[in-house]
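One structure below.
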Amino acid sequence: MKMHLNLATRDLDGSVAFYSTLLGAEPAKKRPDYALFITQEPGLELALDLDSNAVAGGGEHFGIVVDSAEAVDMQIVRLQAAGHAVDVEREETCCYANQTKVWSTDPDGRRWETYFVHEESEVRDGPECCSA
């Protein structure tokens, strides 16, 4: 099973560069107005459509759950090496879990977190939850 997302973007080349880094994969299909990523880890089909009027929503974010804090660290290195700004949270409480995560933003302003859950918590949010 895979999740399918279709996102509109004003900057297809910039978005392809961002998602290639975020997902650690190149698009399976690339056209002047379209790109398709198909990944096993995470199980995802991500379609990008060129749209000069694309506007990212406000307040939502997307995430990739990984199986270790080291995987978050590898994502940090990959994003920074590609020149993407990141915000890092280490062992912060957010959404009833103690997590280590890295935040990054695509060219249209969509926020993505890559995170690892250290342990569940009875507390919903610490002071830094989802602040990046």
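The values are calculated or read from the model by the stated rules, or taken from the named source; none is laboratory data. Note that the coordinates shown come from a computational prediction; the quantities given were computed from them, not determined experimentally. A quick note on method: Cβ atoms are made from the backbone with ideal geometry, for glycine too, and the neighbour counts reach across all protein chains shown.
Data table
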{"quantity": "Every residue from the stretch 98-119 that is more than 15 Å from VAL86 (Cα to Cα) and of a type in the set (A, V, I, L, M, F, W, C)", "calculated": "PHE116, VAL117"}
{"quantity": "Within the stretch 37-66, considering residues that are of a type in the set (A, V, I, L, M, F, W, C) and surrounded by fewer than 16 Cβ atoms within 10 Å (Cβ to Cβ), the one nearest to ALA8 (Cα to Cα)", "calculated": "VAL55"}
{"quantity": "Which numbered condition THR21 misses (of (1) out of contact with any strand residue (DSSP E or B) (no Cβ under 8 Å at 6 or more places or on another chain); (2) within 20 Å of ARG10 (Cα to Cα); (3) outside any helix (DSSP H, G or I))", "calculated": "(3)"}
{"quantity": "Hits in the stretch 29-74 - residues which are hydrophobic (A, V, I, L, M, F, W, C) and in a loop (DSSP other than H, G, I, E, B)", "calculated": "ALA54, VAL55, ALA56, VAL66"}
{"quantity": "Test: ALA35 is at pLDDT 95 or above, over 23 Å from ILE76 (Cα atoms), of a type in the set (A, V, I, L, M) and not assigned by TED's automatic domain parsing to the domain that holds THR105", "calculated": "yes"}
{"quantity": "Condition met for VAL72 (closer than 23 Å to THR100 by Cα and of a type in the set (A, V, I, L, M, F, W, C))", "calculated": "yes"}
{"quantity": "Filter result (without any contact (Cβ under 8 Å) to a residue 40 or more places away in the chain and under 14 Å from the mean Cα position of the chain (by Cα)) within the stretch 24-59", "calculated": "ALA25, PHE37, THR39, GLU41, PRO42"}
{"quantity": "Long-range neighbours under 6 Å by Cβ, at least six apart or interchain, first residue farther than 14 Å from THR105 by Cβ within the stretch 69-84, second part of a helix (DSSP H, G or I)", "calculated": "ARG78/THR21"}
{"quantity": "Tally of residues being in a loop (DSSP other than H, G, I, E, B) and at pLDDT 95 or above across the stretch 1-18", "calculated": "2"}
{"quantity": "Residue in the stretch 115-131 that is surrounded by 17 or more Cβ atoms within 10 Å (Cβ to Cβ), within 17 Å of PRO42 (Cα to Cα) and free of Cβ contacts under 8 Å to residues at least 40 places away in the same chain present", "calculated": "no"}
{"quantity": "Complete set of residues in the stretch 7-61 that are among the polar types (S, T, N, Q) and closer than 14 Å to ASP106 by Cα", "calculated": "THR9, SER15, SER20, THR21"}
{"quantity": "Complete set of residues in the stretch 78-125 that are assigned to a loop (DSSP other than H, G, I, E, B), more than 28 Å from THR9 (Cβ to Cβ) and among the basic types (Lys, Arg)", "calculated": "ARG124"}
